[in-house]
Amino acid sequence: TVVGLSPCLNAVASVTVTEERLPIAGGNGSVTLCSTEPPLNLISRLNGSPDPGGSWSPPPANGVYDPAVASQGVFTYTVTGVAPCPNASATVSVTENVAPDPGIDGEVTVCEDATSVDLFAALGGTPNAGGTWQAMGSIAPGVLTGSTFFLNGASPGDYEFRYNLPGNGQCPPAHSEVEVQVVNALNAGSNGTGNTCRTNTAYNLFNAIGSNPQPGGTWAPVGNSAILNGNFLNATQLVPGQYTFSYTLAASAGCASDASLATVNVIAEPQAGSDGLAQFCNNQTTTAALFDYLVGAETGGTWRKQ
């Protein structure tokens with residue numbers, strides 16, 4: 001207001017002052033995460049009380065940092081100011097530690113006559129190297145050296161081993177396990193010999209091999225055309241003589257195949273001939289050979305009175 005000199009009136013003018021609020025982006029912050037942690041809302045790592053609704057650069061989706069897909073670095077949060085107030089910015093520095101990867105639990109089956117097992121090769125996935133192995137129980141007389149399990153005659157059974165990786169920063173230690181199943185070596189028995197009469201319709205070939213062979217193998221004639229029904233031989237289809245058969249257990253579970261031979265002597269059945277009739281007079285004094293009254297009999301038998 002300017003006071004006027006009479007007869008002039010006072011002069012009046014006004015100034016309207018508008019004050020805009022300075023935007024608040026908060027204070028700079030930082031965070032260290034493990035690559036396996038859940039997604040993190042970055043605004044929670046700014047100091048102070050930042051205004052919501054700002055934007056991030058580079059822009060993680062919705063301001064959420066997902067360690068599984070995002071890359072570590074510095075992220076800037078900007079809140080746009082209303083003129084004449086400038087924009088406000090703050091940063092969050094993200095450091096991401098990679099979690100140790102021990103791979104996926106594995107299983108391996110080996111034969112008891114195997115020399116060793118590479119446990120690391122039995123793990124699935126993409127395990128990190130550089131970890132340590134430990135036996136989860138007794139492995140006597142086996143020996144664990146690095147990632148190699150030397151059987152040294154370990155008895156058939158299940159053996160457990162753990163692969164340990166140390167933690168990395170925010171990431172805790174991790175481990176995986178491998179189960180080694182040691183199975184009995186295949187045993188098809190030992191070569192042997194058996195005898196059967198040509199009248200036998202079902203001779204068991206297992207009777208002609210030794211050393212307690214395991215079941216489940218296959219039989220096959222060797223050098224002859226004998227017909228088998230599983231492990232049974234119908235000798236009535238053969239002429240007397242010697243026949244050879246192979247018994248084979250196919251390789252499985254890391255164990256080499258095994259085979260044995262059975263030699264079977266098919267023996268001709270004895271021939272006592274057909275019944276005969278001899279007639280004599282009760283005053284006859286000459287000797288009669290009863291064998292002469294039989295039809296088709298072979299010699300070497302014995303006589304007895306009925």
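The values are calculated or read from the model by the stated rules, or taken from the named source; none is laboratory data. Here the structure is a predicted model, which means the values were calculated and not measured. All Cβ positions, even for glycine, are placed from backbone atoms using ideal geometry, and neighbour counts span all protein chains on display. Heavy atoms of the whole protein, side chains included, go into the accessibility calculation; ligands, DNA and RNA do not. Shrake-Rupley method; radii C 1.70, N 1.55, O 1.52, S 1.80 Å.
Before moving on, here are some points about what is shown:
- Search result, residues across segment 285-301 that are part of a loop (DSSP other than H, G, I, E, B) and under 13 Å from Gly273 (Cα atoms): Leu294, Glu298, Thr299, Gly300, Gly301
- Within segment 202-230, being aliphatic (A, V, I, L, M) and in a loop (DSSP other than H, G, I, E, B) holds for Ala202, Ile209, Ala226, Ile227.
- Subset of segment 255-284 that is closer than 30 Å to Thr115 by Cα and either in contact with a His (Cβ under 8 Å, 6 or more places away or on another chain) or assigned to a loop (DSSP other than H, G, I, E, B) (or both) - its residue that is modelled with the highest pLDDT: Ser257
- Among (1) free of Cβ contacts under 8 Å to residues at least 60 places away in the same chain; (2) open to solvent by 60 Å² or more (accessible area, probe 1.4 Å); (3) assigned to a loop (DSSP other than H, G, I, E, B) - the single one Ala154 does not satisfy: (2)
- Each residue in segment 54-97 was checked for being under 18 Å from Gly29 (Cβ atoms) and in contact with a Ser or Thr (Cβ under 9 Å, 6 or more places away or on another chain), and 25 of them qualify.
- Test: Ala251 is under 30 Å from Gly192 (Cβ atoms) and under 50 Å from the mean Cα position of the chain (by Cα): yes
- Some residue of segment 58-72 being at negative phi and touching a Gly at 6+ places or on another chain (Cβ under 9 Å): yes
- Looking only at segment 237-251, residues that are open to solvent by 60 Å² or more (accessible area, probe 1.4 Å) and not in a loop (DSSP other than H, G, I, E, B) come to 2 in all.
- Residues in segment 87-99 that are in a strand (DSSP E or B), under 21 Å from Leu33 (Cβ atoms) and either open to solvent by less than 20 Å² (accessible area, probe 1.4 Å) or of a type in the set (Gly, Ala, Ser) (or both): 4 in all.
- In segment 102-149, residue farthest from Gln181 (Cα to Cα) [restricted to those that are part of a strand (DSSP E or B) and open to solvent by 70 Å² or more (accessible area, probe 1.4 Å)]: Thr132
- Highlighted here are the strands (runs of 3 or more DSSP E) found entirely within segment 1-86 that include at least 2 residues which are modelled with pLDDT of 95 or more and buried (at least 16 other Cβ atoms within 10 Å of the Cβ): 29-34, 73-79.
- Counting the residues of segment 150-183 that are modelled with pLDDT of 95 or more, touching a Leu at 6+ places or on another chain (Cβ under 9 Å) and of a type in the set (S, T, N, Q) gives 1.
- Filtered residue count, segment 252-266, keeping only those that are over 14 Å from Leu205 (Cα atoms), open to solvent by less than 60 Å² (accessible area, probe 1.4 Å) and hydrophobic (A, V, I, L, M, F, W, C): 2
- Across segment 182-201, a minimum of one residue is classified as under 17 Å from the mean Cα position of the chain (by Cα), part of a strand (DSSP E or B) and crowded, with 16+ Cβ neighbours inside 10 Å.
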